[in-house]
Amino acid sequence: MVALAIQYGHMRTVLDARTFSRYGARSRGGIHTVLDVETALAAADTAARLQDRLAAGERLSGPAARRALTAAAHIPRFEGRIVPRTFVHKARAYLARDGIVLYDNPEALLICAFKHDVAMCEPDPSATAPRQYNCRPGCANTVRTDGHALLLRQRAGELDQLASHLPLPLARRLRTNAARLRVSADTHDSTAQTAEIHALRQRITRLTLAAAVLTHDQDQPEPALKDISSILQLRPPT
């Protein structure tokens, strides 16, 4: 199945086990169960990394920026533990939260806050994840950070450098693509949200401090009980 997916360029279909089932029969406990779990963990990791970026001062832009802020603020971190069988049901429930599950797309240099009804990648009716290989500009699920904008400009520079060594028709096409990348980066700079991110950063700081206080309190030994007779005079028996 994996060999066929790679051969036909459909490796991104692992983000949707329903699409991947075309490569073989679906079983209750086969590769599709693994894909659901791995996809949920990857999405949770994307949200956790976004939370770290926002806490470090990066800005956010895109039509789905508000939904991405919500996802980053409420995601539980997966610090590494044994994954029981019951985790499969939790993973599927997590992926079914339409609109606030984040998928990293390094090829398109963006994060997809996947909402099925507005996705332009033409997902299947029952899909809970985007077709990342079919990501299209202008989609309402797009989210970008300052880091994405920097990478957009770097890739534009690489295309310009490559175009300088190619014939005119190919060079013109590459320079056009480079210009589009710079427009996307400029759009991020002009529309990046700052007030909401500042509020989120403060909230993350408060949550982190609260968790540290709780951890500290749990580590403290229980105070020794004092002799009650030194506090309250006991009445002698009659």
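Numbers at a glance
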{"read-out": "Derived scalar couplings ³J(HN,Hα) [segment 53-61; Karplus, 6.51 cos²θ - 1.76 cosθ + 1.60; whole Hz; x for Gly, Pro]", "value": "5, 5, 5, 7, x, 6, 9, 10, 9"}
{"read-out": "Cα centroid separation, segment 87-122 to segment 143-161 (Å)", "value": "23 Å"}
{"read-out": "Semi-axis lengths (Å, descending) of the ellipsoid that matches the C-alpha gyration tensor of segment 46-149", "value": "22, 19, 11"}
{"read-out": "Segment 105-188: proportion of alpha-carbon pairs further apart than 23 angstrom, %", "value": "32 percent"}
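Rule-based calculations on the coordinates, nothing more; no lab input. Please read these numbers as outputs of a predicted model, since none were measured by experiment.
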